[in-house]
Amino acid sequence: PNTSLESGRSLAEKLRERIKTITLEAVPTLTISASFGVATLGYESLEKLIKRVDEALYLAKQNGRDRVEISEG
């Protein structure tokens, strides 16, 4: 709550980098990555916010995965 778009992007980047350091004992050669979509809630419905975040996440996957995309709406 009460987080700017830039702060949300920064947090998502930190999480993405942290996730890359995870190793699993059962499969030590497995590389784990994550993509994130980030948006802030303005004067829109929750459904529209979720749609924008989903579109940003799809864009992150489309642009090569393991990245953060933002939706300025």
Query raised in the report: Out of the chain, which GluC sites (Glu not before Pro) are coil in DSSP terms and have no more than 10 other C-beta atoms within 10 Å?
Result: E25, E72
Query raised in the report: Measuring with a 1.4 Å probe in the full set of protein chains, what accessible area per residue, in whole Å², belongs to the chain?
Result: 78 Å²
Report summary line: Taking r as the C-beta separation of T29 and D54 and R0 as 30 Å, the FRET efficiency to the nearest 0.05 is 0.45
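Where the only charges are on Cβ atoms (+1 Lys, Arg; -1 Asp, Glu), what is the dipole of the chain about its Cα centre, to the nearest 20 debye?
About 140 debye.
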Report summary line: Residues whose modelled amide H sits under 5 Å from the amide H of G73, counting only those 5 or more places away in sequence or on another chain, are T40
Report summary line: Per principal axis, largest first, the Cα atoms of the chain extend in Å by 46, 24, 17
Report summary line: For the chain, the percent of accessible surface on carbon and sulfur atoms (probe 1.4 angstrom, ligands and nucleic acids excluded) is 54 percent
Report task. Apply 1/(1 + (r/R0)^6) to the Cβ-Cβ distance of E72 and K20, taking R0 = 35 Å, and write down the FRET efficiency to the nearest 0.05. Result -> 0.85
Report summary line: With Rg from the Cα atoms and Rh as the Kirkwood inverse mean 1/r over Cα pairs, segment 33-73 has an Rg/Rh of 1.01
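The values are calculated or read from the model by the stated rules, or taken from the named source; none is laboratory data. No experiment lies behind these values; they were computed from the predicted model shown. Cβ sites come from the backbone with ideal geometry, for glycine too, and all protein chains shown count toward neighbours. Just the protein is used for accessible areas: all its heavy atoms, side chains included, with ligands, DNA and RNA removed. Shrake-Rupley method; radii C 1.70, N 1.55, O 1.52, S 1.80 Å.
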